[in-house]
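This report refers to the structure that appears directly beneath it.
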Amino acid sequence: MTALTAATSGVRAAGLSLGATAIAVAAPALASVGPARRRLAPRLAGISDAPHLALTYDDGPDPVSTPLFLDLLERHGRLATFFLLGEHVARHPALVAEMAARGHELAVHGWDHTCVLLKSPAVLAGELQETVEVIARVTGRRAAWYRPPYGVLSTPALVAARAAGLRTVLWSAWGRDWEARATPRRIVETVDRTLAPGGTVLLHDTDRTSAVGSWKGTLRASETLLERWGVDARDVGPLRDHGM
């Protein structure tokens, strides 16, 4: 083998190694594909064997919109799981304390809404732990669940969540309520498209990372869903009651 051939082989091997490493790190991101997730990883999709429906909201807390969702849920006698961003928990501790006092389950959505693929393993681990701790300081309770921004996973994110004592869960039905074109009717129809007994619903109680004002459509869609589930006597509540 000539020196040039050896060097070329070495570069090729290094490239393959780096490629394999990148695949290993990013492979869980495939779980963001809804149909595959529901079929191949039902627990990750939040699908329970029980008929219970888990109602979840992401991206809060938001002092403008979140209180309206709390009031709506209270009127219907329902509780939900709120996946919170740590930086906003730190900014709005009184609101977070109120959410917990009203009986809602508080979970971790990350420190901010940056995709986990753009963070180093060390940063991810530190931020998830910090978010767990700030929620615990404000409420006196440790969060149990983690959902990454955009539903995008990575191996370091899964490892960091486990190290922070969190169980990772995504969703089986969503309303695509972050879109500018997401009317209340469209949100409800989108949720209905994939929702089945034992499913987990993803909505957003803020427009912080969504189209401006989108939470208003989500609020009205939530009311429609809650009214329907009340008529149907559906068992709806937070993930802690989901039987997973």
> Being touching a residue at least 12 places away in the same chain (Cβ under 8 Å) and within 18 Å of D112 (Cα to Cα), is that true of even one residue in region 175-187?
Replying inline: yes
> Name the pairs whose Cβ atoms lie under 9 Å apart, with the first residue in region 130-151 and at positive phi, the second among the basic types (K, R) and in a helix (DSSP H, G or I), and 6 or more positions between them or separate chains?
Replying inline: G151/R37
>> Restricting to region 47-84, name every residue that is in contact with a Gly (Cβ under 8 Å, 6 or more places away or on another chain), of a type in the set (G, A, S) and within 14 Å of H109 (Cβ to Cβ).
In response: A80
> Which members of region 48-76 meet the condition of being in a loop (DSSP other than H, G, I, E, B), surrounded by fewer than 20 Cβ atoms within 10 Å (Cβ to Cβ) and either hydrophobic (A, V, I, L, M, F, W, C) or in contact (Cβ under 8 Å) with a residue 40 or more places away in the chain (or both)?
Replying inline: D49, A50, P51, V64, H76
> From L158, L117, which residue is in contact (Cβ under 8 Å) with a residue 60 or more places away in the chain, in contact with a strand residue (DSSP E or B) (Cβ under 7 Å, 6 or more places away or on another chain) and over 30 Å from A233 (Cα atoms)?
Replying inline: L158
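So which residues in region 77-107 are small (G, A, S) and not in a helix (DSSP H, G or I), if there are any at all? Break it down stepwise before answering.
Of region 77-107, the ones small (G, A, S) are 77, 80, 86, 90, 94, 97, 100-101, 103, 107.
Matches in region 77-107: G77, A80, G103, A107.
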> Inside region 219-244, can you point out the residues that are within 22 Å of G86 (Cα to Cα) and surrounded by 16 or more Cβ atoms within 10 Å (Cβ to Cβ)?
Replying inline: P238, L239
> Applying the selection to region 169-194, what residues are crowded, with 20+ Cβ neighbours inside 10 Å and of a type in the set (S, T, Y)?
Replying inline: S172
> What is the number of the single condition among (1) outside any helix (DSSP H, G or I); (2) closer than 11 Å to L166 by Cα that T114 does not meet?
Replying inline: (2)
>> So, in region 141-170, how many residues would count as being farther than 25 Å from R102 by Cα and of a type in the set (D, E, K, R)?
In response: 1
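No lab work stands behind these numbers, since they all come straight from the coordinates. Bear in mind that the values here come from a model prediction, so they are computed numbers and not experimental data. Cβ: placed from backbone, ideal geometry, glycine included. Neighbour counts: every protein chain shown.
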